[in-house]
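> This structure is in structure tokens; I'll ask about it shortly.
The values are calculated or read from the model by the stated rules, or taken from the named source; none is laboratory data. The shown structure was predicted, so the numbers you read here are calculated from the model rather than taken from an experiment. Positions of Cβ are generated from backbone atoms using ideal geometry, with glycine treated the same way; all protein chains shown enter the neighbour counts. The accessibility values were calculated without ligands, DNA or RNA, using every heavy atom of the protein model including side chains. Shrake-Rupley method; radii C 1.70, N 1.55, O 1.52, S 1.80 Å.
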Amino acid sequence: MFLIYRMSDSKSLISSPYHISYQPKDMGRKSILALSIVSTLMIMTFSILVLTNTNQGNTEHALVVEMSKSSLDNESQGEVKTVTVDGTNLRFSPDTITLQEGDTVRFFWEGQWLAHNAVEENGLFDSGEPQRNVEYNYTFQLGENGTYEYVCEPHEGAGMVGTIIVEPQEVVVPEPEPEEEEDEENDTLSVGEDVISAVLFTPWFIGMFILVGFITSRRDKFQLGLAFEDDSVESSDEESTSDGKSLIDNYRARVLTLCALYVAQGIPWGFMTVTFVTYLAVEGVSAGELAFLLTLGTLPWSLKFLWGPIIDRFQYRQMGKRRPWILIAQAGMTIILASMLLIPDPANDLTLIASMFLVYNIFTSLQDVSTDALAVDVLKPHELEKVNSYMFTAKSVGGVIGGAGLGTIIGFVGIKGAILLQIPILLLIMMVPLLMTERPGEKLFPWSENGDIQTEDDVEEKKDFKEILSKVKTAFSLRSTQLGIVLSLVMSISAFLIAVLPLLFIRELDWSQEKFNATKGGIILGVSMLGYIVGGQLGNRFGGKSIIIYSALGTALLTATWGLTESMWDSGLFMMTIWCLRTFAWSMVSINIFSLMMRITWGEVGGTQFTGYMAMMNLSAIIGYQLTGPIASKFDYPTLFLIAAALETLVIIATMFIDPNETRRTLEHQF
């Protein structure tokens, strides 16, 4: 769910100012001991949870079986009719009764002067020897319908004869429900009912503990202590000033413009992944359909690298290199949002609304690429790290507005009101680049008078695309860069949980739509931001690969624990706690994977290679979304969490063999 945050930071590639530092060797021994203790405790905890879950399942199964048996016994006990004797007239009383299959006849008398019995003429039932006190029951089974005569053997000659008429048991055949209603019921079903025992997952997680322990014992070989620190940015004589009016010569204008554009990118992400998905879940849209919407919304981000050559090739330089493309993108976003208001019922026309989200995100990805290119053009080297942090925070603010903000008020304004509110926000943000020029002398509008455009930096050498493709091929020929592709593709396979969580919280746990939106778009997003910050600091302190591997294992255990503690899901405090912990841990994984991809990127083709990694990360999310339908429709919620946990550990395997220094060591002096 946080892919879009990573999409927009390719501008950090314009330099590779890193140096390598290793941690003291004794830290490795301490880490091994600490990991061994923690691993033992976690395995014990996980085993207890598995056993508890299994025992609970067995108990519930036994209870169901017992209840089923009791129900069957009750159903098998039909009506009981009693036949006694009239000793004075030597007659059975009543002498004729009518039963159904499954009913019971009871012959009962006591204290008679004479002895009697009841014997069916064909021997179907026989109360035994004549007696003065008799209590005898016979139940007619299925298939024993018909008319039966019985006699009292000592007094048959006196006419002591009885008749039992047994009718076939009525079979009530329920009327079949209309197929359309059945199909609708199946379509809106939250998840399936199949279960994979937690015991089957245990060997996999134990194997991951052993693998991580093995990696930890060979820290130097797997470069777990490799830290990245930017030490080449020197503030020297170049200072950030705000004396001019254009972006190139006004620091405040640069920060304001870039942050405003990143807010504009965060709003649609928060709206689509939080507010709109939750709204559709409340309206009864299935998990597979939610995944379809998320897939189309993410697709343009997976192909955004295609925009690079276009915005470089086609430019209206009199208004700036990047500003016209940004304005086009924002205008397109506004028009598509306004068009969504014309759809009468978005929940019942999902194909159309998903197609419009596809076009909407095409324009959003265009703004993202154009904004990154603008940042590369106007930011000074010593501003990169600081302004990047401002931009990252701004996108998070946009996510809060689109998620928690719009998600909270949707109960008052409705889905169309939430869409409508985005339009003035985007128009207001659009005023920032509209009223600002990139360089002195550029025109604000096409009809403005021409100024003295400074073009000394505008002369670009002709790019040889054949040479560029050759360098890209060389960059991806290394083992570490190829493993980077694998890592990018497995990173978000568990994204099917994004579409499942609204169903769990709203349909099963009865959370309100507003409460879920406020939680996911506010608290969870804040926890994600904290995880990014803490994860980056820990990566620099203890090594990026260490944080990826240990945090991925921790995330997987938290996800598995979430699935094994279904009995505690009714507790709002528990659900909030484990959701926040899992989000925090995975955010630390994500930010360090992002840094690792930067590290193995070759500067000669940095934009193309790094954007390729980002595109594959989004492709990974698309694959995860597409898994939602087949997986969620088959398995129950606990099993879905266990599957996601197992998939999250694939990050460990993909990361362990990546050499962060291979690209620099091999290709630094090749060209």
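> Check L224: other-chain or 5+ apart residues with amide H under 5 Å from its amide H, H built from backbone geometry?
Result for L224 returns nothing.
> How large, in Å, is region 109-167 by the Kirkwood hydrodynamic radius built from its alpha-carbon pairs?
When all Cα pairs of region 109-167 are included, the Kirkwood radius is 12.2 Å.
> How large is the translational diffusion coefficient of region 518-671 in µm² per second when you combine the Kirkwood radius over alpha carbon pairs with Stokes-Einstein at 25 °C and 0.890 mPa s?
Answer from the Stokes-Einstein relation: 143 µm²/s.
> Another question, if that's okay. Please list, in chain and number order, the residues 5+ apart from F92 or on another chain whose amide H is under 5 Å from its amide H, with Hs placed from the backbone.
Residues meeting the amide H criterion: D86, V161.
> Which value does Rg/Rh take for region 290-356 over its C-alpha atoms, Rh per Kirkwood?
The Rg/Rh ratio comes out at 1.09.
> Read phi for every residue in region 477-494 and hand back ³J(HN,Hα) as whole Hz from Karplus 6.51 cos²θ - 1.76 cosθ + 1.60, θ = phi - 60°, with x for Gly and Pro.
Once θ is set to phi - 60°, the couplings for region 477-494 become 8, 7, 5, 5, 5, 5, 5, x, 4, 4, 4, 4, 6, 9, 4, 10, 4, 7 Hz.
> Name the residues whose placed amide hydrogens come within less than 5 Å of the amide hydrogen of V83, ignoring near sequence neighbours (fewer than 5 apart) on the same chain.
Answer set, sorted by chain and number: R106, F107, F108.
> Taking all protein chains as present, what is the carbon and sulfur share of the accessible area of region 613-656, in % to the nearest whole number, probe 1.4 Å?
Solvent-exposed carbon and sulfur of region 613-656 make up 79 percent of the total.
> Here's another thing I want to ask about it. Quote the relative contact order of region 555-643 in percent (integer), defining contacts as alpha-carbon pairs under 8 Å separated by 6+ residues.
Once normalised by length, the contact order is 47 percent.
> What GluC sites (Glu not before Pro) does region 101-162 have in DSSP loop regions with at most 11 other beta carbons within 10 Å?
Those that pass, being in a loop and sparsely packed, are E110, E121.
> Classify region 487-545 as rounded, prolate or oblate, taking a ≥ b ≥ c as the square roots of the eigenvalues of its Cα gyration tensor: rounded when a/c is under 1.5, otherwise prolate if a/b is larger than b/c and oblate if not.
In terms of gyration-tensor shape, oblate.
> What ³J(HN,Hα) values, in whole Hz, does the Karplus curve 6.51 cos²θ - 1.76 cosθ + 1.60 give for region 193-208 when θ = phi - 60°, with x put for Gly and Pro?
Result, ordered by residue: 10, 5, 10, 10, 4, 4, 4, 5, 7, 4, x, 5, 5, 4, x, 5 Hz.
> Would you mind checking the pairs K395/K473; K443/K466; K416/K520 and listing those with alpha carbons more than 30 angstrom apart?
Distance filter (> 30 Å) returns K395/K473; K443/K466.
> So what J values fall out for region 644-655 if you push phi through Karplus, 6.51 cos²θ - 1.76 cosθ + 1.60 with θ = phi - 60°, rounded to Hz, Gly and Pro as x?
Computed from phi, the couplings for region 644-655 are 4, 4, 5, 5, 5, 6, 4, 4, 4, 5, 6, 7 Hz.
> List the equivalent ellipsoid semi-axes of region 463-585 in whole Å, largest first, each obtained as the square root of 5λ for an eigenvalue λ of the Cα gyration tensor.
Over the Cα atoms of region 463-585, the semi-axes work out to 37, 18, 14 Å.
> Can you pull the one-decimal nm distance between simple spin-label points at D510 and L256, each 7 Å off the Cα toward Cβ?
About 5.1 nm separates the two model spin labels.
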